[in-house]
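Participant: This is the structure I have questions about; it appears just below.
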């Protein structure tokens, strides 16, 4: 069900679980007042953050959570903060898609603390128990776990993204790393208001940890008004644009290709220092870097060979085993001197031309490819990463193994 938004003219006369929709505002029809979410992010071994948006102030409190395997129920309050959206945007090619209306919205953030490491929790909002989700804390060192990688999601385009999620979600995974281009105003088929309910099954599966893509800037204010508001502060030790997190001794680095990535740039210095810091930790096993614009591709996009060359010795010194990239709407897997580069840009956008630049020298090291929608389920095991590439029909299109230690 799509949850319509409401603007600053909403004048609900009561709040809380019994508050009904404001009869004067047809855009805020949810009895709970919740208009987007919930979703989780900023997860470590003992804490997590859950966010959601409401379209009127004073909606009922926080959330109730408990271990997935059974245990005591706990409650966590939320902090409400008003946010003014300044422009209205629509999906001109899909009039049924709700608009992103200008007006005042109310972000809720609930900090779950004192959690047990390596444990998955179920949570539900006090405002509406049907609005629920799951979050898994970071796994202990050397533990096995599973995560999901996807990029360039465009659920408004023929529902392909939703069909893909139907196939991959039964696999179960702790969290999702998204390679950027999360929502496409440019398609004319979706808004953030339509994106959230379509993507909610994925958001409810576990933490959502995106990289910044170029389509996060389709509107002049989109990054600040939407991406940063929803997903800012997703990880640790960085900022809203680039950050890191860890699970099971595997360190993940979300890198922003919309900023300068020269090794001497602020982001380049940060990445160099943080990779070295992670690899020096006692329980370090390996690192994974994920980003939007590719460092290597044979498809219809440019590639940043300069960044790849500059960071290659840094990656070698700090055991970066996999680089996950997006932007090119298709699938590619490269083996570049023992390091795996995955192009996982088939999350639902219009497919690209995967061989348009097949004459690039590194294309000789492309070991798998295809113009199909997909997501990548990656199992972290004792000594290796095992990847399974799944399309929207449920078919396995590629499998691969990457040693954790070279």
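The values are calculated or read from the model by the stated rules, or taken from the named source; none is laboratory data. Keep in mind the model is a prediction, meaning the values are calculated, not measured. Here the Cβ positions follow ideal geometry from the backbone for every residue, glycine too, while neighbour counts run over all protein chains shown.
Participant: Scanning for something in the same structural domain as residue 212 (by TED's automatic domain parsing), surrounded by fewer than 23 Cβ atoms within 10 Å (Cβ to Cβ) and over 26 Å from the mean Cα position of the chain (by Cα), does the stretch 337-347 turn up at least one residue?
Facilitator: yes
Participant: For the stretch 152-256, please list each of the strands (runs of 3 or more DSSP E) lying entirely inside it that holds at least 2 residues being in contact with a helix residue (DSSP H, G or I) (Cβ under 8 Å, 6 or more places away or on another chain). Explain how you work it out, then say what you get.
Facilitator: Numbers: elements: 175-178, 207-210, 243-247, 250-254.
Here the list reads 207-210, 243-247, 250-254.
Participant: Please work out which residue is farthest from residue 29 (Cα to Cα), limiting yourself to the stretch 57-80 and to residues that are in contact (Cβ under 8 Å) with a residue 12 or more places away in the chain and out of contact with any strand residue (DSSP E or B) (no Cβ under 7 Å at 6 or more places or on another chain).
Facilitator: Here the residue is 69.
Participant: Shifting gears a bit: Just one of the numbered conditions (1) in contact with a strand residue (DSSP E or B) (Cβ under 6 Å, 6 or more places away or on another chain); (2) closer than 24 Å to residue 344 by Cα; (3) not in a helix (DSSP H, G or I) is not true of residue 109; which one?
Facilitator: For residue 109, the failing item is (2).
Participant: Can you tell me which residues in the stretch 1-33 are within 21 Å of the chain's Cα centre (by Cα) and either crowded, with 18+ Cβ neighbours inside 10 Å or modelled with pLDDT of 95 or more (or both)?
Facilitator: Across the stretch 1-33, the qualifying residue is only 3.
Participant: Within the stretch 260-272, is there a residue that is touching a residue at least 60 places away in the same chain (Cβ under 8 Å) and buried (at least 20 other Cβ atoms within 10 Å of the Cβ)? First the steps, then the outcome.
Facilitator: Of the stretch 260-272, the ones touching a residue at least 60 places away in the same chain (Cβ under 8 Å) are none.
No, the stretch 260-272 contains no residue that is touching a residue at least 60 places away in the same chain (Cβ under 8 Å) and buried (at least 20 other Cβ atoms within 10 Å of the Cβ).
The rows are residues; the columns are (1) touching a helix residue (DSSP H, G or I) at 6+ places or on another chain (Cβ under 8 Å); (2) over 18 Å from residue 390 (Cα atoms); (3) not in a strand (DSSP E or B).
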| residue | (1), (2), (3) |
| --- | --- |
| 321 | no, yes, no |
| 329 | no, no, yes |
| 335 | yes, yes, no |
| 343 | no, no, no |
| 356 | no, yes, yes |
